[in-house]
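Just so it is clear, none of the values below were taken in a lab; they were calculated from the coordinates. Everything quoted here is computed from the prediction, not taken from an experiment. Backbone-built Cβ (ideal geometry, glycine too); neighbour counts: all protein chains shown.
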Amino acid sequence: MKFSESECGTSRLGGVSLVSTQPREHGCCPRVDYHTRPVRSAPPRGGVSGILSGMNPSPPIHVPVLPTEVLQWIDPQPGQIIVDGTLGGGGHTRMLAERLQGEGFVLSLDRDPRAIAAAERNLAGLPVKIAQSNYCDMADVLREIDVPAVDAVLLDIGLSSDQLADRERGFSFDSDGELDLRFNTDEGLPAWQLLQRLKENEIADLIYQFGEERFSRRIARRIVEARTSGQPIRTSAALADLVRRSVPRTEQRIDPATRTFQALRIAVNRELESLALGLQRIPDLLKPGGKLAIISFHSLEDRPVKKAFRNDPRLEALTKKPIVASEAELAQNPRSRSAKMRVARRR
């Protein structure tokens with residue numbers, strides 16, 4: 001199964017920048033519209049601004065991975081402009097912004113409107129500008145605020161603990177909520193609809209390609225059997241139960257459903273397309289000597305990052321091997337065990 005590369009174009013409507021992804025050919029995933037909302041600064045302490053503040057978000061529970069290493073390698077300095085392309089729970093943004101000591105700012109992007117809403121509240125008073133956007137469309141956001149180039153870009157590609165705790169979108173395996181898995185529910189199809197539309201071989205290929213799951217064909221067959229019997233998979237709990245019954249039990253540390261959920265999440269959010277586009281575009285947005293740090297969590301992400309840092313003539317790789325979490329961090333934050341960070345510098 002092949003997912004087509006995307007071409008992005010920009011249009012304006014009512015003061016909101018809309019960046020749409022137009023696939024050259026139809027794959028199993030629908031066309032995605034990336035909505036880039038206007039950039040706005042974090043409000044003063046004690047205040048909340050922006051059109052998303054009515055969501056009344058909870059305080060973030062996500063713990064940023066590799067915090068010491070991120071600060072060491074990016075080395076933020078007062079007066080710099082740094083982009084956190086994956087805002088998430090805002091932990092990395094906060095660390096970077098505090099190092100700027102009120103001079104310069106961090107531009108933080110995220111596709112998830114709930115992450116944006118939480119950041120407006122939790123990052124109040126810091127030198128932070130926030131925009132709802134895919135990081136692969138960073139150039140459009142920088143153009144909007146008249147910034148031609150930046151000093152550093154950080155991408156932490158993965159699922160935040162706050163999203164895992166969001167039972168409404170189905171990121172948690174045991175959630176009775178709909179199997180949605182989209183970062184932004186205004187984009188594309190939810191995962192349960194994808195499973196109803198795809199043929200058995202397409203589901204198997206998707207799970208194998210994006211989840212590296214050896215039992216993808218068995219899982220796909222049972223998904224289609226459930227569909228044809230009038231009981232299609234609609235919830236995360238139902239899918240997790242089906243996968244656990246399909247995959248032999250082993251001594252592995254991860255839940256048997258992990259790879260299947262990863263595959264569907266990558267597919268509905270077109271994550272690898274975003275990464276490919278980001279690797280093409282971001283180097284041109286860095287000042288000479290500017291740094292690009294990317295944290296990945298599985299080989300599907302790490303391989304293209306490694307290749308780009310090695311082969312892109314615009315970049316000089318600074319890390320020969322990926323940076324991983326220390327034993328102390330692993331003890332405090334077990335979810336950091338899969339994190340790998342690579343850093344490159346703009347020539």
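Identify the trypsin sites (Lys or Arg not before Pro) of region 169-204 meeting these criteria: DSSP loop state and at most 15 other C-beta atoms within 10 Å of the C-beta.
Values: sites: Arg169, Arg182, Arg197, Lys199; in loops: Arg169, Arg182, Lys199.
Listed in order of number, the matching sites are Lys199.
Under 26 Å from the Cα of Lys129, which lysines turn up, not counting those fewer than eight places away in the same chain?
Lys287, Lys291
Could you work out how far apart the two model spin labels at Arg221 and Asp186 are, taking each label as a point 7 Å from the Cα in the direction of the beta carbon, and quote it in nm?
Between Arg221 and Asp186, the simple spin-label model gives 4.3 nm.
So for each of 115-124, 269-278, 221-230 I average, over its residues, the number of other beta carbons within 10 Å; can you give me the resulting order with the highest mean first?
On the way: 115-124: 23.6, 269-278: 21.2, 221-230: 14.5.
Ranked by mean Cβ neighbours within 10 Å, highest first: 115-124, 269-278, 221-230.
How far, in nm, would the chain grow between Glu202 and Leu71 when pulled straight, counting 0.36 nm per residue and subtracting the alpha carbon separation? Provide the component values of the computation, followed by the final result.
On the way: separation 131, 0.36 × 131 = 47.16 nm, distance 4.22 nm.
42.9 nm is the gain from fully extending Glu202 to Leu71.
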